[in-house]
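Here is the structure we will look at, set down as structure tokens.
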Amino acid sequence: MKITGKIAALVALGALLACQSSCSDDEGEVKEDPIVVVDPPIDEGPVIVENPTIDTLAQGFTWTEGPLYIADGDFLLFSDIPNNSIFKWTEAEGKSLYLKPSGYTGIFTRRFEPGSNGLLLNADGQLVLCQQGDRRMAVMESPLSDPKPEFKTLADKYEGKQLNSPNDAVYHSNGDMYFTDPPFGLDDPNSDPNKELDFHGVFRLKQDGTLDLITKDLSYPNGITLSPDEKTLYVSNSDTDNPIWMAYELGDDGLPVSERVFYDAKEYKGKDMGLPDGMKTNKRGYVFATGPEGLWVFTPEGEVEALVKTGQLTSNVALSPDEKYAFLTADDYVFRVNLKE
């Protein structure tokens, strides 16, 4: 199904009911068409096409997250966190179960949000997972072509204390990995008796296994990405009282030398646009950021270029290798939005 959204005007959207059933093999019926609207209206922009479209690629999940496009094989992976699963989508075959369990293998007693969240590839082409249920960063030891739930721990403790629930991550070209560790995957995010850290951190994992704390000042760090020159680390804060994106300027050692608010969600037209979530940057430094309204596109200077409204709570975004498409995980859906070439 393809819906065309005109950018000439802003239309009011009602929230769509989220499907809360487990994913099945059948695509099922869309209860209501998702809508794409670009706001503010623009005649021409460097990223968003004049009449953007949205494709519904898959649906019927519980809560999708962590989209990752695999160029070698031309397929999309994404997490369904409550179902402790990773799914695969291809143009020819649609969706299929790729890996289960994905984030919870029984290390801890868990009942809430147990699966993998963010997904990424390391320099060796292995799948790296933010495992909420097992409260660690891990790598799948089997090849992408033959996935098995066999994992090696990359990081699970900071100064001897168990991590909360790693959420999203990004690799630096030197092999270091930056990741966020909010409490969203704990059974009781703020007062779980098994919670060991008294903060929600942003960390850097070096290739030698050293785990450095980037900041513990954000209440709920969530999405994370690097600028193309790797000099700026962007982190979203998913807090209703302080919904912001932060920018950390990195020194030669990869640690912050300064910080600034990249964008305050409450500043947009004097209203709260919702909670910031996952994000990516393209080769030109534009920041693609997700939240309850849909997909936000920021210039490198932190100005809003466009908002592509999906009508769904939108959790994360991945870009195709040629940057012609943005793939969105949004509640129980997976969408594809066309971008400028």
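The values are calculated or read from the model by the stated rules, or taken from the named source; none is laboratory data. Here the structure is a predicted model, which is why all the values come from computation and not from measurement. Because the Cβ atoms are built from the backbone with ideal geometry, glycine has one as well, and the counts that use them run over all protein chains shown. For the accessible areas, the whole protein counts, side chains as well, though only heavy atoms, and no ligand, DNA or RNA atoms are used. Shrake-Rupley method; radii C 1.70, N 1.55, O 1.52, S 1.80 Å.
Checked against the criterion of being in contact with a Lys or Arg (Cβ under 8 Å, 6 or more places away or on another chain) and either open to solvent by less than 40 Å² (accessible area, probe 1.4 Å) or closer than 23 Å to residue 167 by Cα (or both), the candidates 293, 259, 305 yield just one match: 293.
Selection within segment 63-77: residues that are open to solvent by 20 Å² or more (accessible area, probe 1.4 Å) and within 19 Å of the chain's Cα centre (by Cα). The member of this set that is farthest from residue 122 (Cα to Cα) is 63.
The residues of segment 214-248 that are among the basic types (Lys, Arg) and over 17 Å from residue 201 (Cβ atoms) amount to a single one, 231. Among the residues of segment 158-198, those that are over 20 Å from residue 113 (Cβ atoms) and either in contact (Cβ under 8 Å) with a residue 12 or more places away in the chain or in contact with a Gly (Cβ under 7 Å, 6 or more places away or on another chain) (or both) comprise 158, 161, 170, 171, 172, 173, 174, 175, 176, 177, 178.
Taking the conditions exactly as written (aromatic (Phe, Trp, Tyr), under 18 Å from residue 157 (Cα atoms) and not in a loop (DSSP other than H, G, I, E, B)), does residue 179 satisfy them or not? It is true that residue 179 is aromatic (Phe, Trp, Tyr), under 18 Å from residue 157 (Cα atoms) and not in a loop (DSSP other than H, G, I, E, B). So how many residues does segment 155-173 have that are within 18 Å of residue 248 (Cα to Cα) and either part of a loop (DSSP other than H, G, I, E, B) or among the basic types (Lys, Arg) (or both)? Of the residues in segment 155-173, 3 are within 18 Å of residue 248 (Cα to Cα) and either part of a loop (DSSP other than H, G, I, E, B) or among the basic types (Lys, Arg) (or both). The set of residues in segment 310-335 being surrounded by fewer than 21 Cβ atoms within 10 Å (Cβ to Cβ) and in a strand (DSSP E or B) consists of 319, 325. Among the conditions (1) under 18 Å from residue 179 (Cβ atoms); (2) part of a loop (DSSP other than H, G, I, E, B), the only one that residue 236 does not satisfy is (2). Specify the residue that is least open to solvent (accessible area, probe 1.4 Å); the eligible residues are those in segment 78-112 that are of a type in the set (Val, Ile, Thr) and modelled with pLDDT under 95. Among those residues, the one meeting the criterion is 105. Somewhere in segment 19-37, is a residue surrounded by 13 or more Cβ atoms within 10 Å (Cβ to Cβ) and at pLDDT 65 or above? Checked segment 19-37: at least one residue is surrounded by 13 or more Cβ atoms within 10 Å (Cβ to Cβ) and at pLDDT 65 or above. Could you go through segment 268-280 and let me know if any residue there is among the aromatic types (Phe, Trp, Tyr) and at pLDDT below 95. Scanning segment 268-280, I find at least one residue that is among the aromatic types (Phe, Trp, Tyr) and at pLDDT below 95, so the answer is yes. Here residue 108 qualifies as over 16 Å from residue 205 (Cβ atoms), among the aromatic types (Phe, Trp, Tyr) and in contact with a strand residue (DSSP E or B) (Cβ under 9 Å, 6 or more places away or on another chain). Residues in segment 239-290 that are in a strand (DSSP E or B) and farther than 27 Å from residue 176 by Cβ: 264 only.
Return a yes/no flag: does segment 217-226 have any residue that is in a loop (DSSP other than H, G, I, E, B) and buried (at least 19 other Cβ atoms within 10 Å of the Cβ). Within segment 217-226, one or more residues are in a loop (DSSP other than H, G, I, E, B) and buried (at least 19 other Cβ atoms within 10 Å of the Cβ).
Of everything in segment 99-139 that's charged (D, E, K, R) and either free of Cβ contacts under 8 Å to residues at least 24 places away in the same chain or outside any loop (DSSP other than H, G, I, E, B) (or both), which residue is farthest from residue 65 (Cα to Cα)? Among them, the one singled out is 124. Taking segment 140-168 as the range and being buried (at least 18 other Cβ atoms within 10 Å of the Cβ) and under 22 Å from residue 212 (Cβ atoms) as the test, the residues that pass are 154, 155, 158, 163, 164, 165, 166, 167, 168.
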